[in-house]
Amino acid sequence: MTTHAEPAQTWRRQVHGACVIVRKNALLYYLKPPVLIFGVLFPVFFFLAFKMGRPISAEDMVPGMVAMALWFTASAVGPLVTPWERRARTYERLISSPVSLTAILAGDVISGMIFGAGLSVVALLLALTLTNASIASPALLLAGILLGALSFASLGVLLAAPPASSPSNIMLLSNLVRLPLLFVSGIFVPIHRMPVWARWIAPISPLSYTVALIRSAFGQPAYFPTWLSLPMLVAFTAVLMWAARAFHRLWRARGL
Amino acid sequence: MPAAIEVHGLTRTFGDVLAVDHVDFLVEAGEIFGFLGPNGAGKTTTVRMLTGVIDPSAGTATIGGHDIRAEPSLSRAHLGIVPEDANVYLDLSLWQNIMLMAQLHGVPRAERVREGERLLEAVGLAERKRQKARVLSKGLRQRLMLCTALVTSPDILFLDEPTSGLDVQSTRLIHRIVRDLNREGLTVFLTTHNMHEAEHVCSRVAIINRGRIVATDTPEHLRSAMQSSQYLEVVFSEPRLADPDLESLAGVSEVTAADGGYRLFTETPGRVAVEVARFADAKGLEIAHLCTRKPSLEEVFVQFTGQ
């Protein structure tokens, strides 16, 4: 191995390592009860609680429902993986392997993204089958789901950074962040009808831009224009990933 | 050929606590290097720094010529690690556990399958490869850990208390495999509390106490270096007659009763043996047993650590 070949070889090795982490997470965590409860049951019950007894057409609710499913599912995997592995001490095996912390976290983010995008497609197919909703722009829908899943999964990995004696503590923290943002992101009430303070908070939630993209994809009016939503989701992903890496490194350096 | 491990001024603090204090040592390729120390001495912290689990506060180390801070991934690529707690993935099968570690190290498919099969056979787990790791006992999980560490064909194997709490069969099996691999060139870094294990397995040892290295040498040299703890063991047919006069023999610093005879502590056990023979002859005593003893590694350890 020459010195010049090392960086490229290392880079390829890290990408491969991230893919191994994705496979490991899928095998171990997709069917864990906390993921299923907070990732699948939560959005179903929220949807029912919002829909029942209210004069809203099912078609109008489809974009919000898909976005909500994406929000909960994509951000459910990250907060589970690292705390679970820290408790089982398997985390030490990962960080003492040649795979870098960045690649491990990228693997966790991609795991959450695949889980979220996959389950939200199930929700989407159900909605298309059971309602008269129709997709006006498949490309926009695809972009909304993929970029939304990526940013939500990054948020999930960031939330997993603090050391905790039990994974349930991190799940609690993640819900303290996810639930308030859910209510100010225009899923249940359009952002332009929300109080002023909520309209100030809405732009700092990646869910707001995802809802806007998915509404636009279904031909419905959206609070944020597409030209803003797309780069904002990319920016959220970059910032959340950077913060996740910084905090995970910080806690690792402290030996926690 | 670079040293397997070179450690320079490695230091780690946790808040105000200095856990590892400017530690220096070198492990040559092909050695079985024992790292000994009482609880809280800094052994595990040192190993965690070398294996990339935590960062040093100061100093550095190279593994296989790669700096752990400048080239962390490359330095870890040389390592196989068996921690004290067998932290296998309980919900993965034995085979999946082994393949996962091989994949993380980028071992090609054909090689990892071949090595995985061979290792499971070698540790007696081949028939259980499809079982979940959850069903294994502690000893069997430790054997599985050894497989996950060795499937990557490491240059250096870190063993942290590998036989702690294991039955005799598992302990012997692990020792045999480690010795065989060492003969083939594998460098082993063994952290242990078990002085018998260190004495019989390690080619060199370092003793760490309160975060600092207090001795580094071969077990034999460390034992020999403690001249004041060498002693002569003698048993007479009629011990009571000899009792008052032994301490007056030339070169004897202390006499204690033990095992029906006496221990004569001396820095010159050979000369004292001659004196004892003369003494017995003069007193008309019959010597039933006479031998010279060096301190055990455990005694050396106690001497250096005060524990």
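The values are calculated or read from the model by the stated rules, or taken from the named source; none is laboratory data. What you see is a predicted model, and the numbers here were worked out from it, not measured in a lab. Backbone-built Cβ (ideal geometry, glycine too); neighbour counts: all protein chains shown.
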task: Output the residues belonging to the stretch A:66-86 that are hydrophobic (A, V, I, L, M, F, W, C) and over 8 Å from the mean Cα position of the chain (by Cα).
output: A:Val66, A:Ala67, A:Met68, A:Ala69, A:Val77, A:Leu80, A:Val81, A:Trp84
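Residue by residue, here is whether (1) touching a helix residue (DSSP H, G or I) at 6+ places or on another chain (Cβ under 9 Å); (2) of a type in the set (A, V, I, L, M); (3) crowded, with 23+ Cβ neighbours inside 10 Å; (4) modelled with pLDDT of 95 or more holds:
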{"residue": "A:Ser154", "(1), (2), (3), (4)": "yes, no, yes, yes"}
{"residue": "A:Ile170", "(1), (2), (3), (4)": "yes, yes, yes, no"}
{"residue": "A:Gly186", "(1), (2), (3), (4)": "yes, no, yes, no"}
{"residue": "A:Leu256", "(1), (2), (3), (4)": "yes, yes, no, no"}
- line: When the stretch A:225-256 is checked residue by residue, the ones that are closer than 16 Å to A:Ile104 by Cβ and of a type in the set (Lys, Arg) are A:Arg245, A:Arg249, A:Arg252
Among (1) of a type outside the set (Lys, Arg); (2) within 22 Å of A:Val234 (Cα to Cα); (3) more than 9 Å from every other protein chain (Cβ to nearest Cβ); (4) assigned to a helix (DSSP H, G or I), the one test that A:Ala76 misses: (4)
- prompt: Are any residues in the stretch B:85-94 surrounded by fewer than 20 Cβ atoms within 10 Å (Cβ to Cβ) and either over 26 Å from the mean Cα position of the chain (by Cα) or more than 7 Å from chain A (Cβ to nearest Cβ) (or both), and if so, which ones?
  reply: B:Leu90, B:Asp91, B:Leu92, B:Ser93
query: Looking at B:Gly139, B:Gly65, which one is more than 10 Å from chain A (Cβ to nearest Cβ) and more than 24 Å from B:Thr192 (Cα to Cα)?
result: B:Gly65
query: Among the candidates B:Val107, B:Val82, which residue alone is surrounded by 18 or more Cβ atoms within 10 Å (Cβ to Cβ), of a type in the set (Val, Ile, Thr) and farther than 23 Å from B:Arg48 by Cβ?
result: B:Val107
query: Taking the stretch A:41-82 on its own, how many of its residues are in contact with a helix residue (DSSP H, G or I) (Cβ under 7 Å, 6 or more places away or on another chain) and not aliphatic (A, V, I, L, M)?
result: 14
statement: If we take the stretch B:158-255, then strands (runs of 3 or more DSSP E) inside it with 2 or more residues that are within 23 Å of the chain's Cα centre (by Cα) and not aliphatic (A, V, I, L, M) are B:187-192, B:204-209, B:212-217
Inter-residue pairs, beta-carbon under 8 Å, first more than 23 Å from B:Ala3 (Cα to Cα) and in the stretch B:153-169, second surrounded by fewer than 19 Cβ atoms within 10 Å (Cβ to Cβ) and among the basic types (Lys, Arg), 6+ apart: B:Gly165/B:Lys138; B:Leu166/B:Lys138
task: Output the residue which, of all residues in the stretch B:20-44 that are crowded, with 23+ Cβ neighbours inside 10 Å and within 14 Å of another protein chain (Cβ to nearest Cβ), is farthest from the chain's Cα centre (by Cα).
output: B:Val20
